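Engineer: Have a look at this one before I ask anything.
The values are calculated or read from the model by the stated rules, or taken from the named source; none is laboratory data. Since this is a predicted model, take the numbers as computed values, not measurements. Here the Cβ positions follow ideal geometry from the backbone for every residue, glycine too, while neighbour counts run over all protein chains shown.
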Amino acid sequence: MLLHLTGSDWADGASHAGVWAFIVMVILAIVLFIRSRDGLSSPRNPSRRLQLFLARSALVVLLIYGIACQLLQPTLHTAQAHSLENQQHWQDAVNEYTLAGQQAPDGPDLARVYTAWGLALNKARHYSEAMDKFAIVMKDFYTQSEALKRAQAGDIEARLALGKQRLQANDYSTALTYLDDALNQSYCDDNCRQQALSIEATTYYQLGEAQLQTKQYDSAVTSFDKILNSFPHSPEAGMLHGDMAKALLGDGQDTRTNNCSEAVPIYVRLSKEYKDTPEGQKAQSDLNAPQQVKGKFMNTESRIYSQIALTSGLMGKMSKDQVFDRWDNAYQVTAIQSDGQFVFNNVKQGDYDLMWYSEDSSARYVEFIYDILSLSPRYQAHVSPLCPLDLGTVSNAHGSSML
């Protein structure tokens, strides 16, 4: 029996014992042969029959024992594997089942051990290692339906748990990666989707809040919009109204600084969808506010023009009185500086025509430029919400003067 303890496992110990049984059997056979020649079988030996019976019986027992030790190798591997599995010595159990002859894809015990191993790792919160074990079952043991189903459920549990872990660590992008991976699995059922989407909504909300705190307003708007569009019935969707208004205003102000025209849709959305907030009301006030209009007048004549006006109703071929009437009733008049620069402040939104003015001791002069075909003024100011207007260069080349 001690020989059974000399191997690396039960089967190896039995193999050693079997080999020694064959060796002892051979030695015993040789001794029996020699003793037989020396008189063991002699009629004068009164106990010869008993001695021969015992010797031959020993040879038979050793032969049977040696053969049994070799034939029972798979059975011993399986028995030890079961014992190791019950002790949760997973890798050793896998090794014994493999030595017993099990292999993918038709190894039910191997599939069961890998699945149980993964579930134990899940319980110990070693989720990444657990996913590796489940992946072995799903890839290599696809014929084992019961183990496969348990492995798939364990894999979803691990992915969701990893998403929660990364969320708690404020690692939002990695959390979303795990959650999206779970949702993309073909075995993610309705319960899986419900859990993953709930965690995703929370992740996007916390991400948006963090981005708002660090003044990443455009990113915060994107995160909050993801909740409104993908999770409209989540608790988070009802919580973000005020913070979304703050994010939109911050985004609008940042955008307005760099590219004013692109900020207009942001302000319009804020004023319409969040008009019950201070930010929405400020957006509406900014949208309604008058704007600045500026430009540079380039004079190509000897006459010096000192003023320029925003007016309306100019058309080519108007009479002198009509043109002067448009000047006298202009919306706003401002001075032309010595370098040609001019600025209109607090201009109400709308469309205006430009005309300019000169006078000397003998007369007044007004002028504007119009298209010869349409008769429309060439220089017009379209004052829109939120953005100041730079007209660039306004020139009186080829102008039509009116005294």
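Engineer: Do you know which residues across the stretch 239-266 are part of a helix (DSSP H, G or I) and either farther than 23 Å from I227 by Cβ or touching a Ser or Thr at 6+ places or on another chain (Cβ under 7 Å) (or both)?
Structural biologist: Hits for the stretch 239-266 are G242, A245, R256, T257, N258, C260, S261, E262, A263, V264, I266.
Engineer: Looking only at residues in the stretch 267-286 that are closer than 16 Å to Y217 by Cβ and touching a Ser or Thr at 6+ places or on another chain (Cβ under 6 Å), which one is surrounded by the fewest Cβ atoms within 10 Å (Cβ to Cβ)?
Structural biologist: That would be G280.
Engineer: Quick check on the stretch 120-151: of everything there that is among the hydroxyl-bearing types (S, T, Y) and in a helix (DSSP H, G or I), which residue is modelled with the lowest pLDDT?
Structural biologist: Only one residue tops the list, namely S145.
Engineer: Hey, another quick one. If you go through the stretch 323-354, how many residues are in a loop (DSSP other than H, G, I, E, B) and among the β-branched types (V, I, T)?
Structural biologist: Result for the stretch 323-354: 1.
Engineer: Within the stretch 165-180, which residues are touching a helix residue (DSSP H, G or I) at 6+ places or on another chain (Cβ under 6 Å) and not aliphatic (A, V, I, L, M)?
Structural biologist: Correct list: R166, Y172, T174, Y178.
Engineer: State whether one or more residues within the stretch 191-203 are farther than 28 Å from C387 by Cβ, in contact (Cβ under 8 Å) with a residue 24 or more places away in the chain, in a helix (DSSP H, G or I) and among the acidic types (D, E).
Structural biologist: yes
Engineer: Across the stretch 332-369, what is the total count of residues that are touching a Lys or Arg at 6+ places or on another chain (Cβ under 6 Å) and over 16 Å from S306 (Cα atoms)?
Structural biologist: The qualifying residues number 1.
Engineer: Starting from the stretch 152-171, take each residue that is at pLDDT 95 or above and list its partners that are among the acidic types (D, E) and surrounded by fewer than 21 Cβ atoms within 10 Å (Cβ to Cβ), counting only C-beta distances under 6 angstrom and pairs at least six apart or across chains.
Structural biologist: Once the first residue is at pLDDT 95 or above and sits in the stretch 152-171, its partners that are among the acidic types (D, E) and surrounded by fewer than 21 Cβ atoms within 10 Å (Cβ to Cβ) give R159/D181.
Engineer: Still on this structure, please answer the following. Between T300, T214, which is at pLDDT below 95 and of a type in the set (S, T, Y)?
Structural biologist: Going through T300, T214 in turn, the sole match is T300.
Engineer: From the list Y114, Y187, Y127, which one is of a type outside the set (K, R), surrounded by fewer than 21 Cβ atoms within 10 Å (Cβ to Cβ) and not assigned by TED's automatic domain parsing to the domain that holds S234?
Structural biologist: Y187
Engineer: Tell me the residue from L212, L270, L287 that is within 26 Å of the chain's Cα centre (by Cα) and in a helix (DSSP H, G or I), please.
Structural biologist: Answer to the selection: L212.
Engineer: Taking the stretch 94-119 on its own, how many of its residues are at pLDDT below 85 and in a helix (DSSP H, G or I)?
Structural biologist: 6
Engineer: Let me ask another. Among S361, S306, which is the only one that is assigned by TED's automatic domain parsing to the domain that holds S384 and without any contact (Cβ under 8 Å) to a residue 12 or more places away in the chain?
Structural biologist: Of the residues listed, the single one that is assigned by TED's automatic domain parsing to the domain that holds S384 and without any contact (Cβ under 8 Å) to a residue 12 or more places away in the chain is S361.
Engineer: Then there is this: Out of the stretch 166-178, which residues are over 14 Å from S128 (Cα atoms) and buried (at least 17 other Cβ atoms within 10 Å of the Cβ)?
Structural biologist: L167, Y172, L176, listed by residue number.
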